[in-house]
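The values are calculated or read from the model by the stated rules, or taken from the named source; none is laboratory data. Remember, it's a predicted structure, so these values are computed and weren't measured experimentally. Glycine gets a Cβ as well: all are built from the backbone with ideal geometry, and neighbour counts include every protein chain shown. To get the accessible areas, we keep the full protein, side chains included, count just its heavy atoms, and leave off ligands, DNA and RNA. Shrake-Rupley method; radii C 1.70, N 1.55, O 1.52, S 1.80 Å.
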Amino acid sequence: MKPKLNFEWLHACSGCEISMLNWGEQLLDLFDQVEIVHFPLLMDHKYGGQLGEGAPLSLPEADIGLVSGGVAHQEHLQVLQEMRKQCRTLIALGTCATHGGIPAMRNQWSTADTLHTVFTAGTVDKEISPSSAPAFLDRVYSIDEKVRVDVSLPGCPPQPQLIGAVIKALVNKDAFQLPQKSVCETCPTIREGKKKMAPVQRFLHNADYDRDQPVSEMQCLLEQGLVCMGPVTAGGCGGKDTPLCLQARVPCRGCYGPVQPGGNQLLDMMNALASNGIDHRALVDRKSLLRFSGAHGLLKPARKKN
Ligand code: SF4
Ligand code: SF4
C-alpha cells in the first residue's frame with residue numbers, strides 16, 4: 001500500500017505549494033510513490049460538510065502531513081489540530097508555518113487595531129460580525145506553538161528540491177539532514193573585514209557591483225552598508241549554489257528565518273551590525289528585521305502612550 005499524504009494551508013498564500021509544483025517532472029515520480037488523500041489546493045473539501053450542514057471537521061488519516069501557513073484564527077487552529085491527530089509525521093512547510101512569516105507582521109498591532117485598520121477603515125464602517133468570520137486569535141502563531149511538529153522546513157517558499165527530498169526520505173524511511181549553515185556561510189562574495197565598513201544605507205540604494213563580474217567578485221553587501229540578513233538567516237535557498245537574493249545582487253531579507261531554532265533575527269542582526277562596526281541606531285525600522293519571524297512572541301504591539 002502506498003504511503004498517504006495530507007496537505008493543508010492555514011494563514012498562507014499558496015507559495016509553498018506552488019514551489020513544490022516547480023519541482024517539475026520529479027514531482028510526478030514522487031506522486032507515483034504516494035497517495036494524496038487531502039490537498040485543498042487540488043481537491044474540493046468543505047470543512048462543515050459538502051452542503052454546509054455544519055458537520056464536525058474530519059480529515060483523512062495519513063502517514064505524512066504538510067501544513068503551510070501560520071495560525072491566525074479559530075478555524076486554522078481546529079484544522080491544524082485535526083491534521084496533527086490524523087498524520088503520523090507532521091511537517092511545518094514554509095516560514096509562515098515555522099516562524100509566523102509575513103502574516104505574523106500583524107503581531108505588531110492588537111487584534112482590534114488590525115480589524116479596524118484592515119477591515120473597517122479599509123472597507124466598511126462596521127465591526128466584522130462574529131458569525132461571518134472565524135474568531136481571530138490574539139496574534140498569529142507558528143504551528144509548533146500549537147501542536148507538536150516533527151520536521152520544520154522554513155523558506156518563503158522552501159526550495160522545491162528540499163521539499164521533495166524530505167518527502168522522499170520519509171516515504172523511503174531514509175535519514176536526511178536539513179541545511180545547517182547560515183546564508184553568509186554559503187555566500188561567495190568578497191569580505192574584506194571591518195576596516196572597510198560603510199555606514200548603513202537604506203535599501204533604496206543599489207549594491208555596488210560590476211554586472212559583467214560573477215557574484216564572487218562583488219564585495220559583501222553588509223560591508224557595503226546594506227542591511228543584508230545573511231549572518232542571521234538559515235541557509236539553503238540556493239541549494240548548493242549562491243543564495244538566491246545574492247544571485248540577484250540584492251541583500252538577504254531573512255526569509256528562511258533564524259539559523260538556530262529559537263533564534264531572534266532582530267537581536268542577532270543588531271549584534272551582527274555592532275560586531276561589524278555599524279551603528280544599529282541608524283536603522284529606521286528595527287522591527288522589520290522580524291518580517292519573517294514575528295511568531296513565538298517576538299513581535300508585540302507597542303505599548304500605547306497615555
Ligand atoms: S552579509 Fe550578505 S553579502 Fe555579505 S557574506 Fe553575508 S550573505 Fe553575503
Ligand atoms: S537570500 Fe535570504 S531572503 Fe533571499 S531567498 Fe535566500 S534566505 Fe530568502
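Descriptive notes on the structure:
- Residue ID - modelled with the highest pLDDT, chosen from residues in the stretch 15-51 that are more than 15 Å from Gly164 (Cβ to Cβ) and among the aliphatic types (A, V, I, L, M): Val37
- Cβ pairs under 8 Å, 6+ apart, first in the stretch 226-238 and assigned to a helix (DSSP H, G or I), second near ligand 2 (Cβ under 7 Å from one of its atoms) and at pLDDT 95 or above: Gly230/Val183; Gly230/Pro243; Gly230/Leu246; Gly230/Cys252; Pro231/Val183; Val232/Gly254
- All positions within the stretch 253-273 that are within 13 Å of ligand 1 (Cβ to nearest atom), of a type outside the set (A, V, I, L, M) and over 17 Å from Arg286 (Cβ atoms): Cys255, Tyr256
- If you go through the stretch 11-34 and keep only what is outside any helix (DSSP H, G or I) and open to solvent by less than 20 Å² (accessible area, probe 1.4 Å), you end up with just Val34.
- Scanning the stretch 273-290 for residues that are within 16 Å of ligand 2 (Cβ to nearest atom) and crowded, with 21+ Cβ neighbours inside 10 Å turns up Leu289, Leu290.
- Ser58 being in the same structural domain as Ala112 (by TED's automatic domain parsing), of a type in the set (S, T, N, Q) and within 21 Å of the chain's Cα centre (by Cα): no
- Only a single criterion out of (1) under 28 Å from Gln108 (Cα atoms); (2) open to solvent by 50 Å² or more (accessible area, probe 1.4 Å); (3) more than 16 Å from ligand 2 (Cβ to nearest atom) is not satisfied by Asp208, namely (1).
- Looking only at the stretch 167-191, and only at residues there that are open to solvent by less than 60 Å² (accessible area, probe 1.4 Å) and part of a loop (DSSP other than H, G, I, E, B), the one that is farthest from ligand 1 (Cβ to nearest atom): Leu178
- Unique match (being away from ligand 2 (no atom under 14 Å from the Cβ) and either in contact with a Pro (Cβ under 6 Å, 6 or more places away or on another chain) or open to solvent by less than 20 Å² (accessible area, probe 1.4 Å) (or both)) among Glu217, Glu223: Glu223
- Picking from residues in the stretch 241-251 that are part of a loop (DSSP other than H, G, I, E, B), within 10 Å of ligand 1 (Cβ to nearest atom) and more than 27 Å from Ile143 (Cβ to Cβ), the one that is most open to solvent (accessible area, probe 1.4 Å) is Val250.
- The selection criterion, being in contact with a helix residue (DSSP H, G or I) (Cβ under 6 Å, 6 or more places away or on another chain) and open to solvent by less than 10 Å² (accessible area, probe 1.4 Å), holds for Gly254.
- Selection within the stretch 60-100: residues that are open to solvent by 10 Å² or more (accessible area, probe 1.4 Å) and part of a loop (DSSP other than H, G, I, E, B). The member of this set that is farthest from Val171 (Cα to Cα) is Pro60.
- Any pair with Cβ under 9 angstrom, 6 or more apart, that starts in the stretch 166-189 at a residue that is away from ligand 2 (no atom under 16 Å from the Cβ) and ends at one that is aromatic (Phe, Trp, Tyr): Val166/Phe176; Lys168/Phe176; Ala169/Phe176; Leu170/Phe176
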